[in-house]
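The values are calculated or read from the model by the stated rules, or taken from the named source; none is laboratory data. No experiment lies behind these values; they were computed from the predicted model shown. Glycine gets a Cβ as well: all are built from the backbone with ideal geometry, and neighbour counts include every protein chain shown.
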Amino acid sequence: MIRLNELDQIPATMPCPYNGTKVSNDQLETFISASLNQEKLPMVILGANWCPDAQCLEAVMQLPSVAQFIAEHYEVIRVDLGEYDINMDLIKYLGMPSQEGIPRVFILDLQGEPINLETNDKWRSARQSYPQDIFDYFQSFIKKRPST
């Protein structure tokens, strides 16, 4: 596992990556297909700017070591759930009944199937987690590929 280093510091001001955009099932399918065409795992993050855990998760994802790893192995789409009033249908589309509690992180394999349904709600308490634990979670889904 890659370890965080001294350059990986959580910012004083938390990021707010969600913009209230409605995402259709077709748009999500297009995102997933494009990710798979690049041989990267699709990651769908459902959250909202008002949620401190979603902000904390995003802050960790922006740390230099994490951001580099994510860029190499994943394609990420951030989906705003607002006040649980937009994009809620995407939770069901991804294979879960609609439930409150964010952020939700869905990771799909290279066949487009969710591989973390049992733990997609793990980061609803992100601010109580160490940044390294969050980073290790994302690293755990990347299988070692043989060198060519």
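Points to keep in mind about this one:
- For first residues located in the range 1-24 and closer than 11 Å to Val66 by Cα and in contact (Cβ under 8 Å) with a residue 24 or more places away in the chain, partners that are surrounded by 11 or more Cβ atoms within 10 Å (Cβ to Cβ) and among the small types (Gly, Ala, Ser) and lie 6+ apart or on another chain with Cβ distances below 6 Å form the pairs Leu4/Ser65; Asp8/Ser65.
- Apart from one condition, Leu117 fits all of (1) surrounded by 14 or more Cβ atoms within 10 Å (Cβ to Cβ); (2) free of Cβ contacts under 8 Å to residues at least 24 places away in the same chain; (3) aliphatic (A, V, I, L, M); the exception is (1).
- Restricting the range 83-114 to residues that are of a type in the set (S, T, N, Q) and surrounded by fewer than 18 Cβ atoms within 10 Å (Cβ to Cβ) leaves a set whose member that is nearest to Gln139 (Cα to Cα) is Gln111.
One line per residue, one yes/no per condition, for (1) under 20 Å from Tyr18 (Cβ atoms); (2) at pLDDT 95 or above:
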site	(1), (2)
Thr30	yes, yes
Lys40	no, yes
Gly47	yes, yes
Ala59	yes, yes
Tyr84	yes, no
Lys92	yes, no
Gly101	yes, no
Glu118	no, no
Arg124	yes, no
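- If the condition is being aromatic (Phe, Trp, Tyr) and under 21 Å from Asp8 (Cβ atoms), then the range 30-87 contributes Phe69, Tyr74.
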